[in-house]
1. For Leu156, state whether it is of a type outside the set (Phe, Trp, Tyr) and either surrounded by fewer than 17 Cβ atoms within 10 Å (Cβ to Cβ) or in contact with a Gly (Cβ under 9 Å, 6 or more places away or on another chain) (or both).
2. Being out of contact with any Cys (no Cβ under 7 Å at 6 or more places or on another chain) and surrounded by 14 or more Cβ atoms within 10 Å (Cβ to Cβ) is the filter here; which residues of the range 20-32 pass it?
3. Which pairs do you get when a residue that is more than 15 Å from Arg384 (Cα to Cα), found in the range 425-436, comes within reach of a residue that is basic (Lys, Arg) and not in a strand (DSSP E or B), reach meaning Cβ atoms under 7 angstrom, with the pair 6+ apart or on two chains?
4. Looking at the structure I just gave you, is Ala274 under 22 Å from the mean Cα position of the chain (by Cα), surrounded by fewer than 23 Cβ atoms within 10 Å (Cβ to Cβ) and either basic (Lys, Arg) or in a strand (DSSP E or B) (or both)?
5. Would you mind listing the strands (runs of 3 or more DSSP E) fully within the range 131-240 where at least 1 residues are modelled with pLDDT under 95, among the polar types (S, T, N, Q) and within 20 Å of the chain's Cα centre (by Cα)?
6. Being at pLDDT 95 or above and surrounded by fewer than 16 Cβ atoms within 10 Å (Cβ to Cβ) is the filter here; which residues of the range 462-501 pass it?
7. Based on this model, can you work out whether Asp427 counts as within 25 Å of Val142 (Cα to Cα), over 25 Å from the mean Cα position of the chain (by Cα), at pLDDT 95 or above and charged (D, E, K, R)?
Amino acid sequence: MSERESMPYDVVIVGAGPAGLAAAIRLKQLAAEKDHEISVWVLTEGKKYEFPHILMPPFMNNKGTYTGSLGNFCRWLAGRAEALGVEIFPGFAAAEVLWNDDGSVKGVATGDMGISRDGERKPDYQPGMELHAKYTLFAEGVRGHLTKQLIRQFELDANSEPQVYGLGVKELWDIPSDKHHPGCVIHTQGWPLDEANGGGFLYHQENGQVALGFVTWLNYSNPWLSPFEEMQRWKHHPAIRAVIEGGKRVSYGARAINDGGWQSVPKLAFPGGALIGCSAGFVNVPRIKGSHTAMKTGMMGAEAAFEAIEGQRSHDELTAYQQAYEQSWVSSELGKVRNTLPLVEKFGNFVGTILSGATMWAEYLGLRMPFTMGHEPDHTTLWRADQVKKIDYPKPDGVISFDRLSSVFLSNTNHEEDQPCHLTLEDPDIPIEHNLPLYAEPAQRYCPAGVYEVIEDVEGNPKFQINAQNCVHCKTCDIKDPKQNINWVTPQGGGGPNYPNM
């Protein structure tokens with residue numbers, strides 16, 4: 001018999017981001033806007049060219065929207081949810097899917113506490129708690145570790161393209177008042193990326209701050225590439241440096257982003273639960289936006305669960321949610337831009353941007369393109385390290401560009417040191433015996449937090465070292481490892497980065 005206690009609920013929601021909190025609020029509902037100056041810069045080394053906004057279809061217009069901290073927005077949503085009676089359990093991560101005898105999802109269990117690094121129970125050991133529900137909505141965000149299991153178990157991706165990703169590295173800066181222009185939004189593409197694709201953003205937010213970041217699509221082929229270093233190099237472009245020079249970097253973070261779009265959205269519902277938000281992947285890539293679609297899908301999932309419970313049903317498949325998505329503006333919006341990323345992937349920044357712009361205009365005018373382009377999984381795209389040019393990145397100057405460890409410090413990342421490593425290897429020999437000779441072990445470079453190193457043991461032999469306490473939970477290792485050998489699981493006690501104002 002399990003020593004864990006259990007608590008019954010009508011609906012359990014895993015994850016308290018925009019999708020999860022919107023779903024919780026919608027369930028309970030059922031029982032300062034600003035104009036922005038928008039600009040797109042095409043960067044070359046040392047120069048910038050402004051892309052005329054008039055050439056973009058109207059659905060790319062951001063006038064009348066606002067920028068802000070997603071972390072602060074979620075804290076506000078959490079307060080609204082609790083005021084309606086929603087129970088929120090911060091610091092307790094869902095670590096396990098629970099199953100009914102018929103194979104449907106029964107709920108989730110939180111992780112055990114007080115387990116040492118070697119797997120032994122410490123004096124403060126406490127077993128996890130089981131949360132049973134008629135329906136469980138999974139809102140774990142990008143590459144959720146429980147969501148991965150559910151997709152495999154129910155073959156939810158059998159009729160969709162593989163999900164693909166970008167890694168976004170982000171910083172928050174306090175800048176001089178004479179450089180701050182509230183409401184100014186800048187998107188960039190081009191330099192410094194050469195063979196890879198991606199782009200940057202710079203948002204002037206309140207309180208004299210700018211949020212800036214750089215996204216590298218993880219389908220890149222050169223194993224010497226470092227998304228972190230590309231971001232640091234991007235900041236040295238004269239147009240970017242002019243904004244932040246004289247300022248102070250106050251926060252740092254990194255996160256993978258769903259880039260697959262409409263064709264990569266898996267089946268959403270399964271017996272006993274559903275995927276909402278970025279667990280399924282609803283990001284509008286050319287608009288660089290996904291919070292609105294995450295919240296809407298969370299609300300649709302909540303409405304379907306509420307209807308089922310009102311009808312005295314439980315643990316069946318929420319087909320009404322799948323149908324609602326397919327008939328919603330979310331599906332329509334993503335469908336219009338479904339070929340944007342694949343066209344840039346295939347034809348490069350210049351030609352691909354022209355082609356993708358033409359298809360978006362055609363879709364906007366009601367001319368549905370007769371094709372939908374596919375994707376290749378990101379972990380399959382690396383070339384051998386000896387077949388490509390090694391990239392030598394400049395050393396950080398400590399003023400505009402910085403190293404990984406000082407950046408991780410600003411992320412307020414905290415993991416209890418004596419706990420099981422949450423970055424697990426299917427085969428501990430693969431990093432040195434396979435990845436090192438073929439790809440110069442790319443984990444050393446794709447990780448934006450210095451988690452992975454190849455060091456020498458006492459006999460001078462290479463050894464793969466995992467500094468799990470540095471992990472900022474971006475999930476890049478889980479995505480990009482060429483042998484899919486690294487599996488990210490929830491750390492004990494829900495440790496990780498703490499992003500104020502990010």
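The values are calculated or read from the model by the stated rules, or taken from the named source; none is laboratory data. It should be emphasised that the depicted structure is a prediction, and the values quoted were computed from it without experimental measurement. Ideal geometry is used to build each Cβ from the backbone, glycine not excepted, and the neighbour counts take in all protein chains shown.
1. So Leu156 does not fit the description; no.
2. Correct list: Gly20, Ala22, Ala23, Ala24, Ile25, Arg26, Leu27, Lys28, Leu30.
3. Final answer for the pair search is Ile430/Lys483.
4. When the stated conditions are applied, Ala274 does not pass them.
5. Ranges flagged: 184-190.
6. Pro462, Lys463, Gln465, Lys483, Gln484, Asn487
7. yes
Residues checked against (1) assigned to a strand (DSSP E or B); (2) closer than 21 Å to Leu167 by Cα:
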position	(1), (2)
Gln419	no, no
Glu433	no, no
Glu459	no, no
Val472	no, yes
Pro482	no, yes
Asn487	yes, yes
Pro500	no, yes
